[in-house]
1. So for the chain, averaging the separation of alpha carbon pairs under 8 Å that are six or more residues apart and normalising by length, what relative contact order in percent results?
2. Roughly to the nearest percent, how much of the accessible area of segment 249-335 is carbon and sulfur, given a 1.4 Å probe?
3. Long-range amide H contacts for Ala237: which residues qualify at under 5 Å (H placed 1.01 Å from N, peptide plane, sequence gap of 5 or more or a different chain)?
4. Name all residues of segment 147-186 having a backbone nitrogen under 15 Å from the label point set 7 Å from the Cα of Asp266 along its Cα→Cβ direction, giving them as ranges.
5. What is the extension gain from Glu230 to Ala11, computed as 0.36 nm multiplied by their sequence separation minus the C-alpha to C-alpha distance, in nm to one decimal?
6. In deg cm²/dmol and to the nearest 500, what is the mean residue ellipticity at 222 nm of the chain if only DSSP H runs of at least 4 residues count, each as -39500 (n - 2.57), divided by the residue total?
7. Which value in nm describes the separation of the simple spin-label points at Asn138 and Ala36, placed 7 Å from the Cα toward the beta carbon?
8. Test of understanding: what is the full-extension gain from Arg319 to Arg88, defined as 0.36 nm times their sequence separation minus their Cα-Cα distance?
Amino acid sequence: MDLAQRFSTLAGMITGYWISQMVHVAARLSLADRLADGPRSVEDLAAASGVQPHALMRLLRALASVGLFRETEPGSFGNSELSEGLRRDVPESQWAFAVMMGGDHYDSWAGLLECVRTGDPAFERRQGMPIFEYLDRNPESAALFDEAMTAIHGRETRETVQGFDFREINVLADVGGGNGSNLEGILQYYPEMHGVLFDLPKVAARARERLRGSEVAERCQFVGGDFFVEIPVNADAYLLRHILHDWDDRRAGKILENLRTTMPLDARILVVEHVIPEGDAPSFGKLLDLNMLVVPGGLERTEREFDRLFADCGFKLTRVVPIAGDLGVVEAVPV
């Protein structure tokens, strides 16, 4: 790599947050939605968005230069194939993800240095409470979080049912199942399966309301509780999708110990998370791991770390089934 290449690469890394904030502002202003019917002039868009026209022109010009939006003629912009993904009415919209990551999460990342020094999450220091308590107290943020998680992980449901065989499971418990979209997708794929969604009482109630009248509603049971206290659910398999990564080994271990106490001995645990590869290979999970440090205080784990965590809690890791990239289903059984 010559000096020019090194400068260009480092400059792109150093200023990466410029682009993430540009995308965040575009999402906050709903620009992609405002362009759904075709290109509009900057003046028209500025009036509709309540912003200053020349500043908006500069934002759109910069975004178009990296492929988000396109200048159709001088002073007018339309959606690009990429910016279509920021519309709220399209499948797997990334609107909520862009708003969330550019807001409270972005502010927390400014505290990364202190996180590395202490090992403690920045979100709690900056907001005065842990992320999940914050969401419980702020319904609008909680709704945004749910929408963002659905957008981020919606594709994973398809990849999971295509990459992992659930046919021997009659009753699947989704522990920390959130709004129920994941369980709904699996039950749609397996019409003979029954499901149990376990989450905090408020969350389970929201999921029940969301799935009311759906084609899988009659095959769903909703149980409210706290997985740090007990998990009073009987099932053939217990799915934890992006749950353990929210917590350090002590707290994640408490969840597993509570499962070990109540689950049938012939049942199994299925953890859907990024499994960090060894070495220097590129991995989204390695980047997400830092977000877990910064925001909730959790971590992504290697297969070796999963094996150790399970063993400490009375389980044996039986296999890791790759799904997509470094995402996998980590299966464990009681011993």
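1. Values: 541 pairs, mean separation 43.2, N = 335.
The value is 13 percent.
2. On the way: 2110 of 3980 Å².
Exposed carbon and sulfur together represent 53 percent of the surface.
3. Here Val171, Ala173, Arg268 satisfy the definition.
4. Taking a point 7 Å out along Cα→Cβ of Asp266, the residues of segment 147-186 whose backbone N falls under 15 Å are 168-171.
5. Taking Glu230 through Ala11 to full extension adds about 73.9 nm, to one decimal.
6. -14500 deg cm²/dmol
7. The answer from the label model is 2.7 nm.
8. Contour length minus the Cα-Cα distance gives 79.4 nm.
The values are calculated or read from the model by the stated rules, or taken from the named source; none is laboratory data. Given the structure is predicted, the values throughout are model-derived calculations rather than measurements. Neighbour counts are summed over all protein chains in view; Cβ atoms, including those assigned to glycine, are modelled from backbone coordinates with ideal geometry. Heads up: the accessible areas ignore ligands, DNA and RNA and are worked out on the full protein's heavy atoms, side chains in. Shrake-Rupley method; radii C 1.70, N 1.55, O 1.52, S 1.80 Å.
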